[in-house]
Amino acid sequence: ENRGMLLRALVPILDGEGKLLGALDAGRLLNRDPRLVDEIRDLLYGPGTLPEDGTGTITLFLDDVRIATNVTDASGERALGTRASLEVKRQVIGNGERYINRAFVVRDWFVAAYAPLDSLDGQRIGMIYAGYPQAPYARLYRETLTHISLVLIAVSLLGVLLVWSSIERLMQPIRQIRRVVHAVRDTPSQEGLRIGPLSSLGPAQRHGDELDELAEEFDAMLARLEAHRHEIQLAAQTLEAQVEDRTRDLSAQTATLRERSQALEEHVRLLREARARLLTREKLAALGELTAGIGHEINNPAAVILGHVELIEVILGEQAEPVREEIATIIHQVERIRALVDNLRQYARDPLASNDIGDGNSLTPSLGAPHLSQIHPDEAIHSVEVLVRHALDHHGHQLQHELAATRLIEADRAQLTQVLVNLLINAIEMAPEPDTLCITSRDRDAALAVMNGEPNSRPDTSVSAPASASVPAPTAELAPVAGVEIRVIDHGAGVPEHLKSRIFTPFFTTRANGSGIGLSVSSGLITQLGGRLWLEDTPGGGATFCLWLPCIARRHHEDDQGRHLLETLSAGGSSRSP
């Protein structure tokens with residue numbers, strides 16, 4: 001560089017009378033002169049203004065060439081003769097604007113500021129730079145970020161541990177209640193089953209909170225249920241003894257009396273079935289009251305726990321990655337709690353429990369009357385396939401159709417969808433390996449009158465299918481009823497013979513994660529419409545669930561059967577139609 005930058009001073013020279021004699025023109029060459037830049041540096045970056053290892057720098061540029069600087073190169077010498085970057089030159093020299101930004105200066109990144117320098121005649125001749133290294137601040141930023149991250153992780157772990165321990169303490173009394181409920185389900189005739197004092201949230205025993213009150217109420221209901229069962233058993237034994245005495249007397253009479261004796265035996269069987277249904281409805285009454293309280297008291301804290309865990313995850317953002325699996329586990333466990341409560345509540349609203357056989361009084365809360373409409377069964381089947389498609393793909397199953405039904409049926413679309421989903425999910429889970437499931441529909445007439453009363457019994461189809469004549473005939477005159485039959489067929493392991501009589505029993509299940517209420521609720525929904533749900537073996541292995549619904553719903557026919565039976569017994573006559 002053959003040019004120089006001067007600090008120039010012009011001083012007028014006057015005589016004693018104040019006349020201008022001339023001017024003193026002096027200048028200080030700034031090229032390679034470190035004194036000015038060092039003086040400015042000491043003025044700007046005094047002690048304590050920068051971190052311990054931070055050093056301020058000042059540079060004078062002639063055009064874009066460093067002519068005086070305290071920026072050093074790799075050898076530790078002042079970086080004279082080096083040039084500014086093109087971006088800085090364009091903005092400061094070219095546009096006459098200041099440049100304040102992060103910039104790469106000689107050999108490192110600096111927080112830099114550049115300003116243009118003009119000569120006395122306004123010509124832009126260079127620029128001045130001031131800056132300090134970015135590295136100390138970047139290191140300080142990383143250290144601060146590391147400390148904050150460690151604190152957040154520690155707080156997150158502590159929060160997860162606190163939430164997990166709270167869930168465990170909450171689950172202890174729920175598990176205790178669940179064990180007693182399962183014991184009542186498995187051995188309904190066993191006496192003395194009680195929940196007793198619940199495990200506490202603290203070191204002492206729980207006393208006086210909502211779950212404890214629910215447990216006490218449930219124990220009281222179990223005591224009332226045992227008393228009712230004793231009364232029903234005593235009444236049934238008395239009635240059976242009376243019927244047996246009358247049967248013995250009638251056995252000596254004419255053939256007409258023999259027929260009447262057979263009718264009375266049929267009445268005894270129906271009374272026993274009615275007693276079993278009554279016991280089931282008594283249990284549903286107790287479960288209805290219990291689940292109403294449990295559903296409210298458990299879902300509220302479960303929702304609070306779920307909301308706080310999700311809030312923790314949102315607040316932490318990427319910092320929650322080390323405990324993402326634990327947070328997912330907590331959310332999954334809370335969802336399991338809510339699913340269990342929903343299943344219990346759904347079963348407590350079983351439509352079968354909505355009316356008493358004898359006088360029609362309500363025993364438990366029900367879902368209300370179904371919203372009946374004319375439905376084509378094939379349309380319902382196609383809509384259900386969409387709902388279970390994910391489960392089919394997950395297990396690798398295929399679903400085939402053999403849809404030949406032409407009739408419309410009168411049913412509640414939502415309830416029919418629920419039943420078909422339950423049957424298809426059962427078929428999907430019963431098949432251990434990828435399988436081809438089949439769902440069929442066809443028109444089928446059934447011979448119906450006063451039916452046998454078993455929710456899982458199949459209708460007598462002797463009108464259109466003589467092969468089913470092995471099914472017990474109903475006790476009144478048969479009349480053909482138009483309907484539609486739907487079958488869900490799988491080729492899994494099937495249902496063992498000793499379990500077939502229990503699969504429609506409430507809370508009975510063979511799956512570890514099953515609730516045991518799906519088939520019971522499905523059977524109740526179908527029976528309410530006058531239809532039937534039963535099980536058959538699939539040829540070659542597997543299970544076939546058969547569903548028959550009339551074209552016109554026959555609601556409350558079981559209640560009519562019960563009243564007809566009691567009226568016949570009171571009159572001492574036969575159940576046959578005149």
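The values are calculated or read from the model by the stated rules, or taken from the named source; none is laboratory data. Since we're looking at a predicted model, the values are computed, not measured. Cβ: placed from backbone, ideal geometry, glycine included. Neighbour counts: every protein chain shown.
Do the conditions hold for Ser166, that is, is it touching a helix residue (DSSP H, G or I) at 6+ places or on another chain (Cβ under 8 Å) and under 30 Å from Trp109 (Cα atoms)?
Taking the combined requirement at face value, the residue does not satisfy it.
Search segment 467-490 for residues being over 21 Å from Phe545 (Cβ atoms) and small (Gly, Ala, Ser), and hand back the single one that is modelled with the lowest pLDDT.
Among those residues, the one meeting the criterion is Ala469.
Mind counting the residues in segment 301-332 that are surrounded by 16 or more Cβ atoms within 10 Å (Cβ to Cβ) and modelled with pLDDT under 80?
The total comes to 2.
Take the residues in segment 41-70 that are at pLDDT below 90 and either outside the structural domain of Arg124 (by TED's automatic domain parsing) or of a type in the set (A, V, I, L, M) (or both); name whichever of them is farthest from the chain's Cα centre (by Cα).
Taking the candidates together, the pick is Leu43.
Can you work out which of the residues in segment 1-32 that are among the basic types (Lys, Arg) and in a strand (DSSP E or B) is nearest to Thr59 (Cα to Cα)?
Arg28
Every residue, every condition in (1) farther than 19 Å from Leu117 by Cβ; (2) crowded, with 17+ Cβ neighbours inside 10 Å; (3) without any contact (Cβ under 8 Å) to a residue 12 or more places away in the chain, yes or no:
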site	(1), (2), (3)
Gly22	yes, no, yes
Pro34	no, no, no
Val37	no, yes, no
Leu60	no, yes, no
Ile67	no, yes, no
Thr72	yes, no, no
Glu77	yes, no, yes
Leu80	no, yes, no
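Examine segment 130-138 for a residue that is within 30 Å of Ala9 (Cβ to Cβ) and more than 60 Å from the chain's Cα centre (by Cα), and state whether such a residue exists.
no
Just one of (1) under 21 Å from Leu44 (Cβ atoms); (2) surrounded by fewer than 16 Cβ atoms within 10 Å (Cβ to Cβ) trips up Ser149, so point out which.
(1)
Within segment 117-164, can you find the residues that are out of contact with any Phe, Trp or Tyr (no Cβ under 6 Å at 6 or more places or on another chain) and of a type in the set (S, T, N, Q)?
Ser119, Gln123, Thr144, Thr146, Ser149, Ser156
Which one of these is modelled with pLDDT of 85 or more and hydroxyl-bearing (Ser, Thr, Tyr): Thr247, Thr291, Thr256, Thr238?
The match here is Thr238.
Please list, ordered by first then second residue, the pairs with beta carbon atoms under 6 Å, 6 or more apart or interchain, first in segment 264-283 and within 21 Å of Asp249 (Cβ to Cβ), second at pLDDT 70 or above and not hydrophobic (A, V, I, L, M, F, W, C).
Sorted first by the residue in segment 264-283, then by its partner, the pairs are Leu264/Thr247.
Right, Leu416: surrounded by 15 or more Cβ atoms within 10 Å (Cβ to Cβ) and in contact with a His (Cβ under 9 Å, 6 or more places away or on another chain) or not?
no
Tally the residues that are over 20 Å from Leu416 (Cα atoms), within 30 Å of the chain's Cα centre (by Cα) and at pLDDT 85 or above, restricting the search to segment 496-540.
0
Would you mind telling me which numbered condition in (1) free of Cβ contacts under 8 Å to residues at least 60 places away in the same chain; (2) in a strand (DSSP E or B) Leu392 fails?
If we test Leu392 against (1) free of Cβ contacts under 8 Å to residues at least 60 places away in the same chain; (2) in a strand (DSSP E or B), just (2) comes out false.
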